[in-house]
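Any read-out appearing in this document is the output of simple, stated calculations on the displayed coordinates, not a laboratory observation. If you're wondering where the values come from, they're calculated on a predicted model, not measured in any experiment. Here the Cβ is made from the backbone with ideal geometry for all residues, glycine too, and neighbour counts use every protein chain on show.
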Amino acid sequence: MSPLDPPLELRPSRPGGHDLTALYRSVQADLDRVEEQLDAWSRSENPLTAEVSRYVLRKRGKRLRPSLVLLTSRLFPGGLAEDPVFLASIVELLHTASLIHDDIVDKAETRRGAETVHSRWGANITVLLGDYLYIKTLGLSLDAQHGRVIRILTEVSSRMIDGELGECALSGDTGITEGRYFEIIDNKTAALFSACCRLGAILGGASPEEEHDLGEYGRNVGLCFQIIDDLLDFTGDEAVMGKPVLSDLGEGRVTLPLIHALNGDGGHHNARIEGLLQRRDIKQGEKAWLLQTLESVGALSYTGARAAEFAEKAVSLLARFPESEVREALARVARTLLSRNS
C-alpha cells in the first residue's frame, strides 16, 4: 500500500481494547523461553559486557516482535520444521541493538522508565555494545543454517540503519514530505516487523504467496506502530511511556502530526512551529499552544486515521488464512496498537 493511496474503509476496532501482552497467552510459554535465551546470550567472560548486556536485555518491553515470529509460525499447524524460539530471540536481540544506537543518536536519558545505556555508562561503551549485539545477532543467524533466514536478517539490519540515517539527514527539515516520512519509518521500523512475520512463515512451511502476505501484514503493523508512537510523543503520558513527551520535537524530528500541520493551516503557524524544533526547553505554555494548534488543524485526528488505515490493511491480509485462534490474535494485535498508550 502506498502512503498516498486513498483511505481504506475502516472497520471499527473492538470496544474496550486489549492490553497487548494479553494477546500473547497462546505463546506465553515460548516467550518465557525467549527470556531464558536472552539471559543466556547476555553472559560473557568480559564482566563489563555481561553487566551492560544483562541491563538492556532484562528491561522487558512489549516483546511484540518475537511474539509475531511465534504467532505467525503457528498459523500453519504441523508445519514447524524448527523451534521458533531461537529466531524469536534473535529478532529481539536485533531490536535491542537498534534501540541502544537510537538512544545515543537521540541523546535520550530514559527508556521504559529506566536510564539508557549511554546515560549510565557513557557514549563509548554504548556504541561498542550496540555494535557487539548487532554482530552477535548476525553471527547467531548463521546457526539457523537457512540461507533465506540469514538474508532476511542481514537485509533488515541494513534497512533499519538506513532509516535512521535518513531520519538524521532530515533533522529539523520542515520541508519533509509525507511520502518521505513513510519511506523512513518503513525502513527503520516496519522492515523488522515484516521480517518477523516472514521468519514465522518460513518456520511454518508457508508458500511464497503466504510468506509475502504475512510480510505485508507485518509491514503494515509496523507502520501503524510507528505512527502511533509518533502521535504519543505529543499526546502521551510521560509517566506511562517511561520517557519525556515531545522528545522527537527536541531532536528535530518532523513526524506526521507536524507534517500535516505545516501543510494544512496555510502556513500561519509554521514559523512558530519551526522555532520549537530542536529545543529541549519548551515551556508548558508553548506545549499547550502546540497541542492546541495540532488539534485545531486536524493533525492529531489525521495521524490517528492514517494509523488505522495501516492496521486495517494488516487485518485484511490475514483473510487468506483459515479462521483460527492465532489468526484472531494477529488481527487483534493490529487493532490494539491503535489504542496503546506506551
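Expressed in nm to one decimal, what extension gain is obtained for the pair ASP131 and VAL240 from 0.36 nm per residue of sequence separation less their Cα-Cα distance?
Here the segment from ASP131 to VAL240 would lengthen by 36.3 nm.
Taking the Cα centre of segment 166-234 as the origin, how large is its charge dipole in debye, to the nearest 20, when only Lys and Arg (+1) and Asp and Glu (-1) carry charge on their Cβ atoms?
Details: 4 positive and 13 negative charges, 31 e Å.
With only Lys, Arg, Asp and Glu charged at Cβ, the dipole is about 160 debye.
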> Applying 1/(1 + (r/R0)^6) with R0 = 30 Å to the Cβ-Cβ distance of THR293 and SER171, what FRET efficiency is obtained, to the nearest 0.05?
Replying inline: 0.90
> What trypsin sites (Lys or Arg not before Pro) does segment 226-316 have in DSSP loop regions with at most 15 other beta carbons within 10 Å?
Replying inline: ARG279, ARG280, LYS283
> For labels at ILE282 and GLU155 in the simple 7 Å Cα→Cβ model, what's the distance in nm?
Replying inline: 3.7
> With the chain treated as a Gaussian network of Cα nodes joined by springs under 10 Å, which of ALA114, ALA191, ALA314 yields the largest mean-square fluctuation?
Replying inline: ALA114
> Which whole-number percentage describes the relative contact order of segment 222-306, with Cα contacts under 8 Å and a sequence gap of 6 or more?
Replying inline: 38
> Of LEU48, LEU317, LEU294, which has the largest mean-square fluctuation in a 10 Å C-alpha GNM of the chain?
Replying inline: LEU48
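Between ASN341 and THR110, take the C-beta separation as r, use R0 = 25 Å, and let me know the FRET efficiency to the nearest 0.05.
Details: r = 17 Å, r/R0 = 0.67.
Using R0 = 25 Å, I get an efficiency of 0.90.
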> What does the charge dipole of the chain about its Cα centre add up to, to the nearest 20 debye, if the Cβ of each Lys and Arg holds +1 and the Cβ of each Asp and Glu holds -1?
Replying inline: 500
>> Semi-axes of the equivalent ellipsoid for the chain, please: Cα gyration tensor eigenvalues, times 5, square-rooted, ordered largest first, whole Å.
In response: 32, 26, 17
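Among the helices of the chain (complete DSSP H runs), which have Cα atoms covering no less than 24 Å along the helix axis and a Kyte-Doolittle mean of at least 0.0?
Values: long enough: 84-106 (33 Å, 1.02); 123-141 (27 Å, 0.92); 147-169 (33 Å, 0.20); 208-235 (40 Å, -0.39); 299-316 (26 Å, 0.12).
Long hydrophobic helices here: 84-106, 123-141, 147-169, 299-316.
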> Taking only DSSP H segments of four or more residues, each worth -39500 (n - 2.57), what value at 222 nm results for the chain once the sum is divided by all its residues, to the nearest 500 deg cm²/dmol?
Replying inline: -20500 deg cm²/dmol
> Residue by residue, what Karplus-based ³J(HN,Hα) values in Hz, rounded to whole numbers, does segment 247-253 have, using 6.51, -1.76 and 1.60 with θ = phi - 60° and x for Gly and Pro?
Replying inline: 5, 4, 4, x, 8, x, 6
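Let me check I have the definition right: for segment 52-127, take the eigenvalues of the Cα gyration tensor, multiply each by 5, take square roots. What are those semi-axes in whole Å, largest first?
Equivalent-ellipsoid dimensions as semi-axes: 31, 11, 9 Å.
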> Name the residues of segment 114-158 whose amide N is less than 20 Å from a point 7 angstrom out from the Cα of GLU45 along the C-beta direction?
Replying inline: 129, 132-133, 135-137, 139-140
>> Skipping prolines and chain starts, which residues have an amide H placed within reach, meaning under 5 Å, of the one on THR174, given they are 5 or more residues away or on another chain?
In response: none
> Summing Lys, Arg as +1 and Asp, Glu as -1, what charge do residues with Cβ under 9 Å from the Cβ of SER98 carry, SER98 excluded?
Replying inline: -1
>> Check which residues have an amide H placed less than 5 Å from THR110's amide H, if you skip close sequence neighbours.
In response: THR116
